[in-house]
Amino acid sequence: MVWLVLMLVVMALVWLLWRRPFVLRSLRMAYHSGRLGPAIDEQHQFANKQIVASDPKSWKLHPAFGTLTLPSKSVKVNEDLGTTAFLVLYKKQLLFEQYWPPFSADVPTNSFSVAKSVVSTLIGFSAREGILDLDDPVANYLQGFRKNGKEQITIRHLLTMSSGLSWNESEGNLFSDNAEAYYGWDTAAMINRLRVERTPGEVFEYASINTQILAQLLKVVTGESVAELVQNWLWPVIGSEHDAFWNLDRPGGEEKAFCCLYAVPRDFARLGQLYLNGGSWNGTQLIDPSFVDASWTALPLFDSWTNQTNASYGMHWWMASYQGHTYYYARGIRGQYVICDKARDLIIVRIGHRRNPVDRHHGHPPDLFDHIYAGVEIFTSIPQ
């Protein structure tokens, strides 16, 4: 009887690994690293494309740079959550910067879903160039969207996470669609097997595959992958200081556009500055101000996560209120934050290993507000 049970268990495992071969890769990586789930320092565990910093520019330093410290109540928060970098920029100047070894200003780390905001920026650039329109059906560009209800999905639906496509976003589920997209080898095949579950444009439901579809669409309309677009269109204009790397689903394959852009914290800050500038950089208008406004405006759809009207997500950007101010931010699952305070012309960048679970009431990780507090305290400590 015992042997029969063992045989059935082995058969079940063989079947599972045949259906979900990416699980073995995730377990192997966990065994070697001693950690479960994706981490910020797995650049070399996957094939990637290098994005060269072809015209690097250093941030100007604020006169108070080097004289400021984290607020005392923020020190333990950052230590407990494994913060690796904390930056504050004010009026285009680097005001505060701290790193936790072995990380430094020259060490690229995983953006996770901050990459979504980069892909959205590339869509905004393409729209400004007249290459596409946000209300174009995706079917205009991708043949797989010309049937089975997908023909109603527009680029804007993808940007606002309201495509209605089936997707299991679960961060802690080893067998989820998200896990397959991260550890698997064929994101294009995942796109091809998607089904429409809801009428597009009716429900906000965060799904990483929306961003992956946008990347595939960009490659069709521009002839360049998202890494190549960042290399040719974005990095040189904003003067990124360091080479970046975008992990691929397999050697010679597609960028995992929903995550996995490795860059240094100072260059993540440039994304925030571009949006604070209304889409321009040193006189070059990369994306229209109207695109920035739409990105930072919540579409009032039913939110399947909070069970209320969406008030926290625009077009691949989040927004939150804290002590009477509105903050616009990009975020990743390990607490990667690029936080923009438009009223103060302030940017807060936090990179690290962990974050708090998202609160189902307001849709934000509670530690977001700890990092906003720290950044604002640093800002208010300088003479105004």
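The values are calculated or read from the model by the stated rules, or taken from the named source; none is laboratory data. Note that the structure is predicted; figures quoted are calculated from it, not measured. Backbone-built Cβ (ideal geometry, glycine too); neighbour counts: all protein chains shown.
Within the stretch 201-219, restricting attention to residues that are over 16 Å from the mean Cα position of the chain (by Cα) and not polar (S, T, N, Q), which residue is farthest from residue 314 (Cα to Cα)?
Only one residue tops the list, namely 219.
Looking at 351, 347, 339, 372, can you tell me which residue is assigned to a helix (DSSP H, G or I) and either closer than 17 Å to residue 78 by Cβ or touching a helix residue (DSSP H, G or I) at 6+ places or on another chain (Cβ under 7 Å) (or both)?
Testing whether each residue is assigned to a helix (DSSP H, G or I) and either closer than 17 Å to residue 78 by Cβ or touching a helix residue (DSSP H, G or I) at 6+ places or on another chain (Cβ under 7 Å) (or both) leaves just 372.
For residue 233, indicate whether it is surrounded by 24 or more Cβ atoms within 10 Å (Cβ to Cβ) and of a type in the set (A, V, I, L, M, F, W, C).
No; evaluated as a whole, the condition is false for this residue.
Of all the residues that make up the stretch 136-169, how many are under 18 Å from residue 117 (Cα atoms), modelled with pLDDT of 95 or more and in a loop (DSSP other than H, G, I, E, B)?
Adding up the residues that qualify gives 4.
When you look at residue 196, is it buried (at least 23 other Cβ atoms within 10 Å of the Cβ) and out of contact with any Cys (no Cβ under 7 Å at 6 or more places or on another chain), yes or no?
No.
Out of curiosity, is residue 114 under 20 Å from the mean Cα position of the chain (by Cα) and at pLDDT 95 or above?
yes
Go through 303, 359 for me and flag whichever is under 19 Å from the mean Cα position of the chain (by Cα), over 30 Å from residue 57 (Cα atoms) and assigned by TED's automatic domain parsing to the domain that holds residue 66.
Exactly one of 303, 359 is under 19 Å from the mean Cα position of the chain (by Cα), over 30 Å from residue 57 (Cα atoms) and assigned by TED's automatic domain parsing to the domain that holds residue 66, namely 359.
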